[in-house]
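Data block below; observations after.
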Amino acid sequence: MVLATPALFDGGWRPGWIDRGWRGVRLTLIGACVDRWRPISGWSLERGMQGPKPARRLVPAGSVYFFRLEGADGSAGALADAWLEAVSDKPEDQRDGFGLALWGIWS
């Protein structure tokens, strides 16, 4: 998995969904090539919550994760259907486009 856009994970550089699986596919993390985190912050304009947003740590675009597929046949097909789907842990971050992933096969 290669990150096409920066991602936000609850566990820092490690995706929180690894233990639960992704799209019904069980994955085992084998390795990761991740550069230093990048900060992100902003300013909230939401009524009653106006002010600076807390800084968060982004996993940079271009980070590469190596997984082993576990389980049933057709697993690679499920990942192929997830091309450019957001893999960040929180749904709000996914909707904002953080963590768009490119999936591939290596040997």
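Just so you know, all these numbers are worked out from the coordinates, no wet-lab data involved. Nothing here was measured: the structure is a model prediction, and the numbers come from that model. Cβ sites come from the backbone with ideal geometry, for glycine too, and all protein chains shown count toward neighbours.
Here is the list for the range 12-107: GluC sites (Glu not before Pro) lying in DSSP coil, each with at most 10 other C-beta atoms within 10 angstrom of its C-beta, are 46. Summed over qualifying helices (DSSP H, 4 residues or more, each -39500 (n - 2.57)) and divided by its residue number, the chain shows a 222 nm mean residue ellipticity of -2000 deg cm²/dmol. For the chain, the Kirkwood hydrodynamic radius from C-alpha pairs, put into Stokes-Einstein at 10 °C and a viscosity of 1.306 mPa s, yields a diffusion coefficient of 108 µm² per second. In a fully extended conformation the segment linking residue 19 and residue 106 would gain 29.2 nm over its present Cα-Cα distance, using 0.36 nm per residue. Residues in the range 92-107 carry Karplus couplings, in order, of 5, 5, 4, 5, 7, x, 7, x, 5, 10, 10, 9, x, 10, 10, 9 Hz; the curve used is 6.51 cos²θ - 1.76 cosθ + 1.60 with θ = phi - 60°, and Gly or Pro positions show x.
Summary: within the chain, the longest segment free of chymotrypsin sites (Phe, Trp or Tyr not before Pro) located in DSSP loops with at most 12 other C-beta atoms within 10 Å is 1-82. Taking every C-alpha pair closer than 8 Å and separated by at least 6 residues, the mean separation divided by the residue count of the chain gives a relative contact order of 40 percent.
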